[in-house]
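Only the coordinates and a few stated rules stand behind these numbers; no lab work does. These numbers were taken from a predicted model, which means no experiment stands behind them. Virtual Cβ from ideal backbone geometry, glycine too; neighbours counted across all protein chains shown.
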Amino acid sequence: MTLALQLKDYRLTTAEILYRMPDHPGLLQSFVWQQLDLVPEYPALRRFLAFWRRELEAQVHSVRVAAAGPLVPPRTRHVNWARLH
């Protein structure tokens, strides 16, 4: 299934979520989320953040997102072996 999603332009997406817990508001904590997601809309990440806001007491401070490049065919290069010897 992973390859099928990558062929539909889904990319490995990583989000670092900085958050604060109500009992320690002066302390920033970090959570790393990673999943295949559709760039640049990020529907899976948006659903996760909506779940976080709805179900968890931790307040999101910031989210930093990085996504892998698109799936492309490998590049090949022809070498003239006669010139190498």
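Observations
- Angle between the chain longest axis and helix 43-55 axis [Cα atoms, degrees, rounded to 10]: 20 degrees
- For region 2-71, the relative contact order works out to 46 percent when only alpha carbon pairs closer than 8 Å and six or more residues apart are counted.
- In the set (i) 201; (ii) 92; (iii) 147, the label that goes with volume of the Cα convex hull per residue in Å³ computed for this structure is (iii).
- Sites listed here are GluC sites (Glu not before Pro) in region 1-71 whose DSSP assignment is loop and whose Cβ has at most 12 other Cβ atoms within 10 Å: Glu41, Glu57.
- Choice from Pro22, Pro73, Pro40 with maximal GNM fluctuation in the chain (Cα, 10 Å cutoff): Pro73
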